[in-house]
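J.: Before we start, here is the structure in question, set down as structure tokens.
Only the coordinates and a few stated rules stand behind these numbers; no lab work does. Quick caveat, the model's predicted, so the values are computed rather than measured. Here Cβ is always computed from backbone atoms with ideal geometry, including for glycine, and neighbour counts include all displayed protein chains.
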Amino acid sequence: MNKNSKVLALKYRPQTFEDLIGQNIVSETIINSIKVDKVPNAYLFTGIRGIGKTTIARIVAKSLNCLNGIQNLCKEKLCENCEAISNSSHIDVLEMDAASKTGVDDVRDLIEFSKYGPTLSKYKIFIIDEVHMLSKQAFNALLKTLEEPPEYLKFIFATTEIKKIPITVVSRCQRFDLSRIKSSELFEFIKKIKDKEGGNANDEALKLIVKISEGSVRDALSLLDRALLSVEKKNELDLNTTQKIFGYFDKSQLINLFNLILEGNENKVIEEYRKIYDQGVDPKVFINDFLEIIYYFKNINSLTLESTNFSLNDDEFKKIKKISDNVNSEILILFWQFAIKTLGELEIVSNQHLSIEMFLLRLIHLKGITPKNDYKDSKVYEKGKNKETDSNILNKIINKETINQIKNVTQEKKIKPGRQIEPKASVETDIESFQQLIEICSTKKEMKLKYELEKNVNLVKFENGRIEISFNDSLDKDFVKNLSAKLLEWTNQRWIISFSKRQGEMSIKDKEQNKKRNLIHDAKSSQLYKEIIDLFSDAELIDVKNKDKTDTTND
């Protein structure tokens, strides 16, 4: 294959320790161990994707088997061994993907193959990628050979899930934890690659690519490849274009939105958010970026521009610092809590866009949002009255039971003056208990409602104008709407029906069944039952009824 036709992640894959970025300590340790001939039986490389685990494994294999020795490792003109290892075709260097060969039989074949010495080089080397995918039996089969292999045999393991590898295996390896690549280092690296490829992209676009890659070199090169292919060479790849390509938006928009929330400007908040939404931003990406901005507002005084990993530019950093001077920390913590809750809501709502808008409106209306300078004048903090601290507000809002309740939308509709619908009932009915409600359903021939109340509803709390319930999975989806309408019709007042996470009382039907089981149990303990069973051994007691006290019929 023509090298120029390769994707950037393969084309610029490091071939020597000098080519590696961000793993200097690991490189130096391995080189020194080879120089003094203290090569471990097995290497174990662990870390996130795309930071060089498999690449380092191949470089180690080349370092051990290079015909020129460790002091004169091949760099440009490769020897036969280094060339073959680079192409994954060396007879003494076997690469195995544990994701596809996980069984004990595969490992036994490996061990059997290891009995024969190397053919063309000093060491026979087994490179096992994603080694955590091996089965428990496969690991057990490998243990003895791993601890005392022949002098010519070396193992190199790579994994992203170190915790899934048995400790007995880890303890037999020399472990190296590869770190994420620093943002500044990765930025300089992809900038050089961009120049080599003749790409036309400004620094802000490259910084966004670095941010999205989260310290992974492979991800950064793949994103750069995609970005450069998305624009013609005569056009410069700028930040705005890069944001559109990867579905990200300008952080300054989010900072402006945040400021509008603090000002309490509903219309402008929704207008600003819809501009962001129209750019094709995923709601989850929006919330995660919003959380990131909250973090910066909360901790801006302890951060430097470099520590934000290119998430902010100079102007954005200064703007956040200026706004944060007038925002209390407890408010930001409150924002964080609501943002986390909204992430959960996105999993259950069909229109996530509407959920985000309601989230932003809730932030505006949170009680206690006042700038630091206005605290003494705030009603919430006014001296001599019922004072509440920020932490109290936080606990009150987060723990408020109404957060865990679901109200039917029809209960919240406002009826315009002069157009109020008159209830159908001509005579108001007082309903003072749950049992009375069931009886009225029976009287009014509302058998479906009666059935739902008895079978699928557990009462938590009943008071005038309000019913709090829990329910099972069989509850009709229109139950709340139908019951609300009937209660309005019968009592000439609106009732609030709310759902609670508390279990509540046992349903009417369950109570009846429980009572029936107790009666049958008591009856089976009676002497009469025992006498009947003695006479009719196959008899079965299926029901018990209490005899009417007024019944004078002879037995």
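J.: Under the rule of at least 5 residues apart or a separate chain, name every residue whose amide H is placed under 5 Å from the amide H of Met96.
T.: Placed amide hydrogens put Ile127, Ile128, Asp129 under 5 Å from Met96.
J.: Would you mind giving the average projected area, over all directions, of the Cα convex hull of the stretch 3-177 in nm² with one decimal? If you can, show how the numbers build up before the last one.
T.: Details: hull surface 39.4 nm².
Taking a quarter of the hull surface, the average projection is 9.8 nm².
J.: Continuing with this model, one more query. ³J(HN,Hα) across the stretch 525-532 via Karplus (A = 6.51, B = -1.76, C = 1.60, θ = phi - 60°), whole Hz, x for Gly/Pro?
T.: Per residue, the Karplus-derived 3J(HN,Hα) values read 8, 7, 5, 4, 5, 5, 5, 5 Hz.
J.: Please list, ordered by chain and number, the residues whose modelled amide H lies under 5 Å from the amide H of Leu153; skip anything fewer than 5 residues away on the same chain.
T.: It is Lys124, by chain and number.
J.: Using a Förster distance of 41 angstrom, determine the FRET efficiency expected from the C-beta separation of Asn482 and Asn326, and round it to 0.05. Mind dumping the intermediate values first?
T.: Values: r = 50 Å, r/R0 = 1.21.
After rounding, the FRET efficiency stands at 0.25.
J.: To continue, here is another question. With a cut-off of at most 12 other beta carbons within 10 Å, and DSSP calling the residue loop, which GluC sites (Glu not before Pro) in the stretch 459-545 qualify? Please list them. Walk me through the numbers on the way to the answer.
T.: Values: sites: Glu463, Glu468, Glu489, Glu505, Glu512, Glu531, Glu540; in loops: Glu505, Glu540.
Qualifying residues, ordered by number: Glu540.
J.: Mind ordering 148-159, 108-119, 64-75 by average Cβ neighbours within 10 Å, highest first? Intermediate values should be presented prior to the final figure.
T.: On the way: 148-159: 19.6, 108-119: 13.3, 64-75: 15.9.
Those peptides, ordered most packed to least, come out 148-159, 64-75, 108-119.
J.: If contacts are Cα pairs under 8 angstrom and at least 6 residues apart, what is the relative contact order of the stretch 183-246 in percent?
T.: Numbers: 59 pairs, mean separation 24.9, N = 64.
Once divided by the residue count of the stretch 183-246, the mean separation gives 39 percent.
J.: Say a paramagnetic label sat at a point 7 Å from the Cα of Leu541, along Cα to Cβ; which residues of the stretch 491-519 have their backbone N under 11 Å from it?
T.: 517-519
J.: Could you list Lys163, Lys194 in order of exposure, starting from the residue whose Cβ has the fewest other Cβ atoms within 10 Å?
T.: Numbers: Lys163 9, Lys194 20.
Going from sparsest to densest Cβ surroundings: Lys163, Lys194.
J.: Next question, about the same structure. Note the full-extension length gain between Thr304 and Ser100 as 0.36 nm times their separation in residues minus their Cα-Cα distance, in nm to one decimal.
T.: Numbers: separation 204, 0.36 × 204 = 73.44 nm, distance 4.51 nm.
Between Thr304 and Ser100, full extension yields an extra 68.9 nm.
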